[in-house]
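The values are calculated or read from the model by the stated rules, or taken from the named source; none is laboratory data. What you are looking at is a predicted structure, and each value in this text was computed from that prediction instead of being measured. Reconstructed Cβ throughout: ideal geometry from the backbone, glycine too, with neighbour counts over all protein chains shown. Heads up: the accessible areas ignore ligands, DNA and RNA and are worked out on the full protein's heavy atoms, side chains in. Shrake-Rupley method; radii C 1.70, N 1.55, O 1.52, S 1.80 Å.
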Amino acid sequence: MIDVKSAAEIDGMRKACRIAAEVLIETGKNVSIGITTRELENIAGKKIKSLDAKSAFLGYRNYPGIICTSINEVVVHGIPSSQKLKEGDIIGIDVGVKYGGFYGDTAKTFTVGTVSGSTEKLLRIAESSLESAIKDCSAGCRLGDISSVIQKTAEENGFSVVRDFVGHGIGRNLHEDPQVPNYGSRGTGLRIPENCCLAIEVMINEGMWQIKILPDQWTAVTSDGKLSAHFEHTVLVKKNGCEILTKER
Ligand code: MF3
Ligand code: CO
Ligand code: CO
């Protein structure tokens, strides 16, 4: 069942998502050569605390981190560690927070120093596939419309979309119905109701779509060891489009 939010719930979602966006901005500002992902986690943790929120990820199914930090071939769910960022790396930072009973969820992939042209293209296409999907989405659209825009954008550019993880509804829970896959056909799937909230998250690989999970049971990496990019926004679906609740501003 897709949950439709009341005016009061929408207000709660706006606040939680604003905080998630602020935390991602603050953490992203600190991405630099030599910093460890644990230092980035500490920065995120302080910011979350200063805004009176809680990490949505810490302890979720025993996840051990405050945020997810996914470097290079790590698709999602990279656990903060003593690993240092180096020139040419990319790092996906995923921030989920809980505030006032509501969840906000947003992610972005950042570059470390100068990256290659092909790496830049991967990030550009991944981000623009998310933007296009959001632009196309309004109440009455079908889930497959979102999925197909993302898949088409990625594949037209020679990239592939991850099948094993999907976007999701969000609200009083981090993960709610419906699932929002990044592959599918226009005109298929559920109709999206007005005033529902979706975390649309694209995970796009430079090579093959297949992934594997490392022995830590969290870290998802590309099977071929090539790069992967992750971008995510929580949106409110309205009559004539979407309001991006986790927008940077
Ligand atoms: N990446 C997931 C999402 O954005 C949440 C991570 S769950 C965690 O929906 F436990 F790994 F943190
Ligand atoms: Co997320
Ligand atoms: Co999410």
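The alpha carbons of the range 7-244 stretch over 46, 43, 31 Å along the principal axes, in descending order.
Between residue 238 and residue 61, the contour length at 0.36 nm per residue exceeds the alpha carbon distance by 60.5 nm. The range 126-155 and the range 68-118 have their alpha-carbon centroids 22 Å apart. With one equal scatterer per alpha carbon and no solvent term, the Debye-computed log10 I(q)/I(0) for the range 189-249 at 0.14, 0.17, 0.21, 0.23 1/Å reads -0.60, -0.75, -0.85, -0.90.
Accessible area of residue 188 (1.4 Å probe, protein heavy atoms only, ligands and nucleic acids ignored): about 60 Å². Sites listed here are GluC sites (Glu not before Pro) in the range 28-110 whose DSSP assignment is loop and whose Cβ has at most 12 other Cβ atoms within 10 Å: 87. For the chain, the relative contact order works out to 23 percent when only alpha carbon pairs closer than 8 Å and six or more residues apart are counted. Taking a ≥ b ≥ c as the square roots of the eigenvalues of the Cα gyration tensor, the range 34-171 is classed as oblate, since a/c reaches at least 1.5 and a/b does not exceed b/c.
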